[in-house]
Amino acid sequence: MRSDNNSGVSPEILKAIMDENEGDAVAYGHDDVTVRSEEILKRLFETDKLKAFNLISGTAANALIIATLSPTYGAVFCHQDSHINCDECGAIEFQSGGAKLIPIKGANGKITVSELEEAIGRFTVGEAHHSQPSMLSIANVTEAGTIYTPDEVHELSGLLKKHSLKFHMDGARFANAIAKIGCSAAEMTWKAGVDALSFGATKNGALGAESAIFFNDSEDGSFIYRRMRSGHLVSKMRFISAQIIAYIENDLWLKNAKHANAMAEKLYQGVKDTGGIKFIYPVQSNVMFAEIEDGLRDQLWQAGFRFYTSNISGVKRSRLVTAFNTLPDDIEKFIELAKY
């Protein structure tokens, strides 16, 4: 329950890596497999204007995309609890050469149009003493486990276009959002006004594969240099690209995400009325936050369940995360413990 990063690798992904482990291929992404991975992403997102750059780190995808879209003096708006603000060790500021993160409060991990407009309004465009508003970054599955709908994304995009700002989406759990909402990948992203996406696969069954995706020719040509300079250009790229292909083919990405979401929903339905667990946010994905009574939390740990617990403003909040390979029997065991 600690993290979907702790899970193993889908057999389909491992097979794809092994299948590519024959003979030689041109290094640094100039191979046929990497070309095919971009083609399959174009089909998934329904656009030939897509540009994809495969990576092994979600933090690298976020930081390098934002560095590409924002000037060094830019103000990058984000939720105060977002991963880029709280958990990436200043990677955005470092890779961008000084762009400033502007955290915004918002209920249930989300930013509303009115909250974003107020934040933008604090800056004076053309004033040399101010960072200049440049873009917004959101995670479609937020740090609260909630999900932005395409309509919510579109509303934010409308305001950004009004101010000529760029739009980035952190899709570390992109598949979990699509599996829950039921829309297409295109409807969640460029059709709703998103300029670039960090397309994550590692949390959902890949060994280590992410892709920095730019839509509608939003990439300015500098990404290839930023990736190399930051040390994120993988030499044997075909093994990363093979994971992306296997992840998308036969809808493995959705199959894995649906299972993770279903296990979270099963757990939620099984314990929400037990009294020992109080959920803090709406349960919409495979990530849940709850207050768990001390005695029950101890029992769960003694039974082998592991999860992060943090003390925020005197409230102990535990994060429960299910994965593509979470066993239904384990969820049943958790539920049974919570009932007593």
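Where a number appears in this text, it was derived from the coordinates with a stated rule and is not lab data. Because the structure is a prediction, the values reported are computed rather than measured. Here Cβ is always computed from backbone atoms with ideal geometry, including for glycine, and neighbour counts include all displayed protein chains.
The local environment of ILE65, defined by Cβ-Cβ distances under 15 Å, has a net charge of -3 under the rule Lys, Arg +1 and Asp, Glu -1. Among the GluC sites (Glu not before Pro) within segment 1-92, which fall in a DSSP loop and have no more than 10 other Cβ atoms within 10 Å of their own Cβ? Passing sites in segment 1-92 are GLU22.
Pairs exceeding a 25 Å alpha-carbon distance, out of LYS49/LYS100; LYS191/LYS278; LYS49/LYS166; LYS15/LYS266; LYS105/LYS255; LYS191/LYS258: LYS49/LYS100; LYS191/LYS278; LYS15/LYS266; LYS105/LYS255. Selection among VAL35, PHE77, ILE244 by position relative to the dipole of segment 12-252 gives PHE77 as farthest towards the positive end (Cβ unit charges, Cα centre).
Only aspartates and glutamates eight or more places from LYS180 in sequence, or on another chain, were considered; those with a Cα closer than 13 Å are GLU265.
Charge dipole (Cα centre; +1 on Lys/Arg Cβ, -1 on Asp/Glu Cβ; no other charges) of the chain amounts to roughly 460 debye. Dipole check for segment 65-137: with +1 at the C-beta of Lys and Arg, -1 at the C-beta of Asp and Glu, and the Cα centre as origin, the magnitude is about 60 Debye.
Highest average first, the peptides 209-220, 24-35 ordered by how many other beta carbon atoms sit within 10 Å of their residues are 209-220, 24-35. Here's the picture: charge each Lys and Arg Cβ at +1 and each Asp and Glu Cβ at -1 in segment 253-338, and of PHE307, PRO328, ASN286 the one pushed furthest to the positive end of that dipole is ASN286. Every helix of 4 or more DSSP H residues in the chain counts as -39500 (n - 2.57), and over all residues that averages to -11500 deg cm²/dmol at 222 nm.
Between segment 1-48 and segment 106-163, what is the separation of their alpha carbon centroids in Å? After rounding, the separation between the Cα centres reads 32 Å.
Stretching ARG122 away from HIS30 to a fully extended chain increases their span by 28.6 nm, per 0.36 nm per residue minus the current alpha-carbon distance.
For segment 72-125, trypsin sites (Lys or Arg not before Pro) are listed when DSSP marks them as loop and at most 14 other Cβ atoms sit within 10 Å of their Cβ; the list is LYS105, ARG122.
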